[in-house]
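What follows draws every value from the coordinates through simple rules; no lab data is involved. Note that the coordinates shown come from a computational prediction; the quantities given were computed from them, not determined experimentally. Virtual Cβ from ideal backbone geometry, glycine too; neighbours counted across all protein chains shown.
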Amino acid sequence: MGQFITFEGIEGSGKTTQIRMAGKYLKRHHIPFLITSEPGGTPLGRKIRKILLNRDSYGICAEAEVLLFSAARVQHVRDVISPALSEGKTVLCDRFSDSTLVYQGLGRGLDHDFIKGLNDFTSAGLKPDLTIVFDLPIEIGLRRAMERMRLAVSAAPDRFEGEDLEFHRKIREGYLLLAKQEPERFRIIDSAKDVISINREVCSYLKGIYARKT
Ligand code: Z5A
């Protein structure tokens with residue numbers, strides 16, 4: 001089985017930038033890998049993603065939202081993640097079930113145990129071997145996301161980017177709490193640092209996980 005590594009964090013925390021750089025590191029070391037993301041990763045997931053992020057989908061209630069993220073995940077795990085792991089590939093995934101715990105649990109206020117059960121069901125018990133949380137003050141993350149949007153001519157804030165500061169603060173605190181509860185799985189990186197320093201830290205954690213395996 002390959003290693004399952006998830007990248008988590010608030011909006012604009014640099015996950016996408018770092019996952020690409022981590023892929024380059026694995027390539028240099030001839031480690032077969034797959035980069036994927038949630039919600040997405042499958043044709044169904046990409047359709048669900050459009051619904052979930054579309055700002056005009058105002059009417060989605062928290063209960064419907066969690067089920068849509070879960071539907072995208074179950075397809076993703078079955079069609080993409082589990083097969084790749086079975087082939088011995090390392091899977092680098094931008095967001096996974098911890099996102100549901102913090103966004104739909106703490107952010108939307110849905111019951112924690114209910115979401116845990118749902119996560120177990122959708123991921124068929126699959127748990128990341130390593131989860132890296134990219135942590136930084138929400139103001140910096142949101143500023144980065146806005147700046148990226150400004151550079152992309154037609155982009156507009158999605159449903160989550162439109163949430164207030166209190167929502168994003170809960171998300172950040174939620175990740176730090178999860179990391180405290182499972183210190184053996186989580187690593188926290190200060191994501192306010194520059195891209196190269198963060199990448200160095202990510203690579204050291206990747207090195208650690210392969211060393212643990214041998
Ligand atoms: N969601 C959920 O509610 N429940 C779930 O179960 C799941 C997801 C799975 C998906 O949004 C939304 O779905 C997400 C949670 C919710 N919404 N929120 N918030 P998404 O996939 O569209 O976006 P995201 O996951 O939130 O990530 P992002 O906004 O795309 O940001 P990022 O990937 O973490 O960061 P980035 O794209 O690498 O960097 C952002 C910008 O900052 C970019 O211009 C970079 O060049 C720049 N950057 C990156 N690193 C640095 C450093 N170190 N210094 C300076 N600038 C930097």
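Among the residues making up segment 21-41, those that are surrounded by fewer than 19 Cβ atoms within 10 Å (Cβ to Cβ), in contact with a Phe, Trp or Tyr (Cβ under 8 Å, 6 or more places away or on another chain) and assigned to a helix (DSSP H, G or I) are Gly23, Lys27.
Return the residues of segment 47-97 that are among the basic types (Lys, Arg) and within 15 Å of the chain's Cα centre (by Cα); say none if nothing qualifies.
Of everything in segment 47-97, those that are among the basic types (Lys, Arg) and within 15 Å of the chain's Cα centre (by Cα) turn out to be Arg49, Arg73, Arg95.
Mind checking whether some residue in segment 181-190 is farther than 16 Å from Lys15 by Cα and either near the ligand (Cβ under 8 Å from one of its atoms) or surrounded by 11 or more Cβ atoms within 10 Å (Cβ to Cβ) (or both)? The answer is yes; a qualifying residue exists. Among helices (runs of 4 or more DSSP H) entirely within segment 43-121, having at least 3 residues that are in contact (Cβ under 8 Å) with a residue 12 or more places away in the chain and away from the ligand (no atom under 13 Å from the Cβ) singles out 82-86.
Summed over segment 137-174, residues that are within 8 Å of the ligand (Cβ to nearest atom), over 30 Å from Ser82 (Cβ atoms) and part of a loop (DSSP other than H, G, I, E, B) total 2.
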